Structure formats: structure tokens, C-alpha cells
Amino acid sequence: MRILSGIQPTGDLHLGNYFGAVANWAGLQEVHDCYFCVVDLHAMTMPYNPEVLRQATMSMVFDLFACGVDPEKAVVFIQSLVPEHTELAWILNCLCPFGDLERMTQFKDKREQVNDKDVETYVSTGLFTYPVLQAADILVYRAEGVPVGKDQQQHLELCREIARRFNTRLGALFPEPQPLWSEAPKIMSLADPTKKMSKSLGPKHYISIYDEPKTIRKKVMSAVTDSGEGGVSPGVENLLLLLRVSGAADTADTMLEGHSRGQLRYSDLKAAVAEALIGLTTRFRERRDALRAAGGDIDERIRASTSKARKVARETLARARDLAGLPPRLRED
Ligand code: TRP
């Protein structure tokens with residue numbers, strides 16, 4: 001099956017992002033024809049700093065490689081380097097009713113979070129039409145499957161709708177992509193387990209994919225565990241989840257059993273979590289170091305991957321342009 005997914009360039013990856021999407025990608029590339037892109041154009045839909053964006057985009061590609069997304073197995077590329085995405089997005093914009101975009105909850109939420117005086121800065125047409133560009137990302141590869149979290153359900157449905165509309169109005173071209181719900185475990189902050197793990201909360205709250213063993217032990221050992229109430233507190237729940245997703249599900253079960261008998265020492269749980277995470281992240285640091293040692297190779301890999309992506313995207317665009325009544329391209333660049 002051909003699969004496409006995208007990730008925003010957020011700066012250094014933490015384990016929340018890793019388990020949320022990237023871990024899944026590394027598995028999918030073993031079985032499917034995968035296209036994974038860093039969506040720098042989507043990152044422009046909120047106010048941003050150009051230098052920070054450029055940096056974050058390159059480091060996201062690098063981090064994906066370090067996490068085991070393998071450019072030999074999947075096509076890993078940068079969205080803006082394949083201009084066919086935006087070209088198709090225009091055609092799709094012209095097929096997408098304004099009202100459908102007005103109903104997107106992600107847009108409505110963002111719109112509502114902004115007070116009236118900031119609307120001009122924060123609520124751009126790009127933000128409004130974000131889901132159409134996302135549909136183009138998918139359809140330009142005629143992808144059949146899209147691994148995403150449930151938060152993207154409405155965007156996926158819109159994409160299917162747009163594909164159907166193109167096919168009926170202009171001619172059959174696009175498969176209707178199926179969502180592949182990634183069972184994205186929601187990793188919470190270590191210092192405040194009622195909030196989602198995020199960099200913006202501060203360094204105590206998250207674990208970076210490159211954190212050293214010493215740092216990981218320190219952060220995990222000082223994780224908040226009790227809420228003062230009975231049962232499994234959010235902090236303990238989060239630690240058990242971290243154990244499960246890092247491949248120590250059996251240990252998690254044993255610990256949970258111990259907990260229900262009132263025999264679990266939180267220090268044992270934390271030690272087990274720290275060791276599991278260190279085992280996992282050691283591979284990331286090793287790959288990072290190998291990639292750094294290989295030097296200029298990264299640009300070369302991105303170039304090779306991008307040209308594979310472009311080849312497919314160009315073919316789709318040639319057919320889409322034709323069906324949409326646009327003249328054929330004069331010359332391939
Ligand atoms: N909107 C997605 C997110 O925020 C990112 C994204 C952009 C994406 N284009 C995509 C995901 C295409 C899947 C397919 O997570």
C-alpha cells in the first residue's frame with residue numbers, strides 16, 4: 001500500500017513526538033511504500049521566524065533519520081522542495097467549498113484562541129486553507145493510506161471528500177485515502193502528568209530523543225507520581241505507559257499488579273522506566289553521531305529522496321492539469 005504522512009518541523013524531537021508519530025513510521029517503512037514529509041509549508045500558517053523555520057526543517061529531517069526512519073526504505077523529503085504540492089493545492093482549493101473549511105474544528109479553535117486585535121496577524125488565509133494543502137500532500141502521491149492521530153480525522157475526511165469531488169467533476173484520478181489510526185499513546189509531562197509532554201512547559205517536563213542517560217535518570221527519578229488520591233495516579237499511569245511503549249510491556253504488567261497489591265515502590269518503577277528509555281535513546285544518539293561523522297551525506301540523501309518524490313508528484317500533476325483543463329507543462333524543469 002502507498003502511504004503518506006507529514007510532520008511539522010518543531011525543533012528537537014522529544015519522546016512525546018517520537019511515540020506519537022515517528023515510532024510508527026519506522027515500523028510502517030518495513031511493510032509499505034512510504035512517503036514521509038517534513039511539512040515546512042504548514043509551519044508557515046502561524047507567525048514564525050524564517051531562520052528558525054529553516055533550521056527546524058533541516059534538523060527534523062536529521063532527527064527522523066536518527067530515529068530510524070530510513071531513506072533507503074522510505075521516501076523522506078521536505079514538502080516545499082516538491083512544488084507540485086502547492087500546485088495541486090490550488091486546483092483542490094477551487095474544488096473545496098468555503099463552508100467546508102469554515103467547519104474545520106482545528107481552524108475554529110485557533111481562531112477562537114486569538115483575540116480580535118491579533119486576528120490580522122494570527123488568522124491568515126494560509127491557516128484557513130491548511131487542510132487543502134494537507135489533502136494535496138496526500139493526493140499528489142495518490143496515497144492509499146495515511147497514518148495519523150485521531151486529531152487529524154476531520155482533515156482526512158475533507159481530503160476524501162475533495163478526492164471524490166475531483167474524481168466526479170473532472171475525472172477519475174485519486175484513490176480515497178484510508179486513515180491508518182496510529183495508536184498514538186499520549187505521553188504526559190513528567191513534572192505535571194495532567195499536561196501533554198511538550199517542550200514549551202520547560203526541560204523538567206520532557207525527555208529529548210538525545211538526552212544523555214544521566215539526564216534521563218534525573219528527569220525520571222524526579223517525575224511526579226502521587227496525586228494524593230487512591231488508585232493509579234496520572235503520574236504512575238504515564239510511567240507505566242512509557243514502559244509499555246518502549247518495549248517493556250511485561251515489566252509494566254508486573255509493576256501494575258504490584259501496585260494493586262500495594263507493593264509497588266515508585267523508585268523501582270522509575271528505575272525500570274529510566275533504563276528502558278536509556279536503552280531506546282542510546283540508539284538515537286548512536287545514529288546521530290554516525291550521521292554527523294558521515295558529514296555532507298545528509299544533503300545528498302535529501303536530494304535523492306526528493307527527486308524520487310518529485311517524479312511521482314509530477315506524473316500526478318500532469319494528469320491533474322490535463323483533467324482540470326490546464327495546458328501541459330512546456331518543459332520539465
Ligand atoms: N496536519 C498534520 C499534523 O499537524 C501534519 C500533516 C501535514 C499531515 N500534511 C499531512 C499528516 C499529510 C498526514 C498527511 O499532524
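A compact table of results
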| item | result |
| --- | --- |
| Carbon/sulfur fraction of accessible area - the stretch 39-198, other protein chains in place, 1.4 Å, % | 52 |
| 5 angstrom amide H check on residue 6, placed H, neighbours 5+ away | 37 |
| Magnitude of the charge dipole, the stretch 76-150, Cβ model with Lys/Arg +1 and Asp/Glu -1, debye to 20 | 160 |
| Between 0 and 90°, nearest 10: helix 249-260 axis offset from the chain longest Cα axis | 50 |
| Accessible surface, 1.4 Å probe, highest first, among residues 70, 63 | 70, 63 |
| Solvent-accessible area per residue, Å², over the chain with all protein chains present [probe radius 1.4 Å] | 49 |
| GluC sites (Glu not before Pro) within the stretch 1-76: DSSP coil, no more than 10 neighbouring Cβ in 10 Å | 30, 72 |
| Accessible surface of residue 255 - all protein chains present, 1.4 Å probe, nearest 10 Å² | 30 |
| Extension gain from residue 304 to residue 114, taking 0.36 nm per residue of separation minus the Cα-Cα distance | 64.3 nm |
| Heavy-atom SASA rank of 219, 214 (probe 1.4 Å, accessible area, largest first) | 214, 219 |
| FRET E, pair residue 226, residue 94, Förster distance 51 Å, beta-carbon r, rounded to 0.05 | 0.35 |
| Distance between modelled label sites at residue 198 and residue 322, nm, 7 Å Cα→Cβ extension | 4.7 |
| Cleavage-rule hits, chymotrypsin sites (Phe, Trp or Tyr not before Pro), the stretch 1-99, DSSP coil, Cβ neighbours within 10 Å at most 13 | 48 |
| For residue 91, solvent-accessible area (1.4 Å; no DNA, RNA or ligand), Å² | 20 |
| Beta bridges by DSSP in the chain, antiparallel share as percent, to the nearest 5 | 10 |
| Between the stretch 189-229 and the stretch 84-150, the Cα center-to-center distance that results, in Å | 33 |
| Where trypsin sites (Lys or Arg not before Pro) fall in DSSP loop in the stretch 176-210, at most 14 other Cβ within 10 Å | 186, 195 |
| Label-point separation in nm, residue 218 to residue 121, each point 7 Å along Cα→Cβ | 3.5 |
| Under the Karplus curve 6.51 cos²θ - 1.76 cosθ + 1.60, θ = phi - 60°, whole-Hz ³J(HN,Hα) for the stretch 21-34, x wherever Gly or Pro sits | 9, 5, 4, 5, 4, 4, x, 5, 5, 6, 10, 10, 8, 9 |
| Amide H partners (placed H, <5 Å) of residue 178, local residues excluded | 145, 146 |
| Helical mean residue ellipticity (222 nm; -39500 (n - 2.57) per DSSP H run of 4+; nearest 500) of the chain | -16500 deg cm²/dmol |
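The values are calculated or read from the model by the stated rules, or taken from the named source; none is laboratory data. Owing to the predicted nature of the structure, the values given are computational and were not obtained by experimental measurement. Note: ideal-geometry Cβ built from the backbone for every residue, glycine included; neighbour counts use all protein chains shown. Accessible surface areas use protein heavy atoms only, side chains included; no ligands, DNA or RNA. Shrake-Rupley method; radii C 1.70, N 1.55, O 1.52, S 1.80 Å.
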